[in-house]
Amino acid sequence: MTARVLLLLLLALAACASPGGGHDHDQPGHEDHDEHPEEKHDEHSEEGEGRHGEHGEKDGHEDHDEHTEGVVRLDPAAAEASGVRVEAAALRALLPELRTTGRVAFNENQLAHVGPRSEGRVAEVKADLGAQLKAGQAVAILDSVELGRARADYLGARAHLEVAQAALTREEALLAEKITSEAEVLAARAAFEQSRARASAAAETLRVLGLGTREIESLDFGSGTPGRVALRAPFAGTLVERHLQRGEFVSPEDTLFTVADLSSLWIWIDVYERDLSRVHLGDEARVTVDAWPGRSWTGTVTYLRDAVDPDSRTVRARIEVANPDGALRPEMFASVQLLDPHHEDAAAPEVLTVPDAAIQRGADGSVLFVQTAPGTYQQREVRLGHRSGGFAEILSGLQPGEQVVVAGSFLLKTEASRESLGGGHSH
């Protein structure tokens, strides 16, 4: 019995000394750690979901703001460096102004189509397209059989005139000495007059065929080439067309070249019947062309057609502009602004306006950009009214005082288009 009791006592002591002895959940430390495990798990899940939800909501809000259609964001310093400038939309009076389009054309009062006076063959071409010609400068030389015959007729008529004049002089001298009769003198005078008429007619034929007075007077037997004639520029200008080659046979029906004085040009416009009261002879016009951004030309209305076109209900009008440096060229497309000087300034009401530079062309009309905060620009569709003096009337889409981008709007429009196509964020 004693041995058995001793063995049980040893086993009990061993169990108490063991680190893993007993039930773990009975230990106080373990109870603190495992108490309400479901509640700790739920609290952790709610906190995680809360943080995740907050992050997701924030990201979603940022994405929505940055991708709002028509809104462009630029760092204010970057916007200033890029030349973006704003100005408040304001009320101002606009003078009546008519805007239309036109076509640049030659000044027909300073345009000449030159052709031969007789049939012939081109012997020489002495000027190329674009050449600046002086008045009377030779452009081509022709060989003409008809001119050769006319030259020979003139020289014969002139020789006959010289003989007739000498005979008349002799007869008059003999009459003075009573050696001849008055009848002989009258006959000599008649022959002289006939010869002079014949020589005059022959000289006129040469002039019609293209020879000048000096050329005719310098003609002589055996001098020069009998049938050659120069085709000359009738005035100083530019050789704008040339339709001849050496050796080509030409006739009076042909136009061989065109000379134009480009220092003055015409611009043709069509004025609608409803706008006729705003256009007058002598009105000032401002002309611009796409080829020369930032430049303009001032002209004057010099012609208004007397009748209205029955199909288009428009009246043809002509504007004359000076073109001293040749920047304008015929057939250019032109934008024209006509100011009505007959309008009283006091009668012009104040309307909401922005500078023309603020207006951009959108997909469905005109747009501009409004600065809603520093570095934030919203694209707006606007409806335009009257335009005058570099300003455009805004009928809808804008309020007075709003800050409108008046410089750099094209940059913003490009950025907005890039974002709408998924190009990324603005900077």
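Key figures
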read-out: Condition broken by VAL240, with the remaining ones in (1) over 30 Å from HIS160 (Cα atoms); (2) free of Cβ contacts under 8 Å to residues at least 12 places away in the same chain satisfied; value: (2)
read-out: Neighbours by Cβ (under 7 Å, 6+ apart or cross-chain): first from the range 369-393, assigned by TED's automatic domain parsing to the domain that holds ALA79 and at positive phi; second small (Gly, Ala, Ser) and buried (at least 20 other Cβ atoms within 10 Å of the Cβ); value: GLY375/ALA79
read-out: Number of the condition not met by THR258 [criteria: (1) in contact with a Ser or Thr (Cβ under 8 Å, 6 or more places away or on another chain); (2) closer than 30 Å to LEU304 by Cβ]; value: (1)
read-out: Residue identified as under 30 Å from LEU368 (Cβ atoms), modelled with pLDDT of 90 or more, within 49 Å of the chain's Cα centre (by Cα) and of a type outside the set (Asp, Glu) among LEU91, LEU133; value: LEU91
read-out: Candidate set: the range 148-203, residues that are closer than 17 Å to PRO226 by Cβ and charged (D, E, K, R); chosen: the one surrounded by the most Cβ atoms within 10 Å (Cβ to Cβ); value: ARG151
read-out: Enumeration of residues in the range 100-114 that are surrounded by fewer than 16 Cβ atoms within 10 Å (Cβ to Cβ) and either in contact with a helix residue (DSSP H, G or I) (Cβ under 7 Å, 6 or more places away or on another chain) or outside any strand (DSSP E or B) (or both); value: GLU108, ASN109
read-out: Every residue from the range 215-244 that is among the polar types (S, T, N, Q) and more than 34 Å from the chain's Cα centre (by Cα); value: SER218, SER223, THR225
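A quick yes/no check of all residues on (1) surrounded by fewer than 17 Cβ atoms within 10 Å (Cβ to Cβ); (2) at pLDDT 95 or above:
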residue: GLY224; (1), (2): yes, no
residue: GLY227; (1), (2): no, no
residue: ALA230; (1), (2): no, no
residue: VAL240; (1), (2): no, yes
residue: GLY247; (1), (2): yes, no
residue: GLU253; (1), (2): yes, no
residue: THR258; (1), (2): no, yes
residue: ASP261; (1), (2): no, yes
residue: ILE267; (1), (2): no, yes
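The values are calculated or read from the model by the stated rules, or taken from the named source; none is laboratory data. It should be emphasised that the depicted structure is a prediction, and the values quoted were computed from it without experimental measurement. Heads up, the Cβs are rebuilt from the backbone with ideal geometry, glycines too, and the neighbour counts pull from every protein chain shown.
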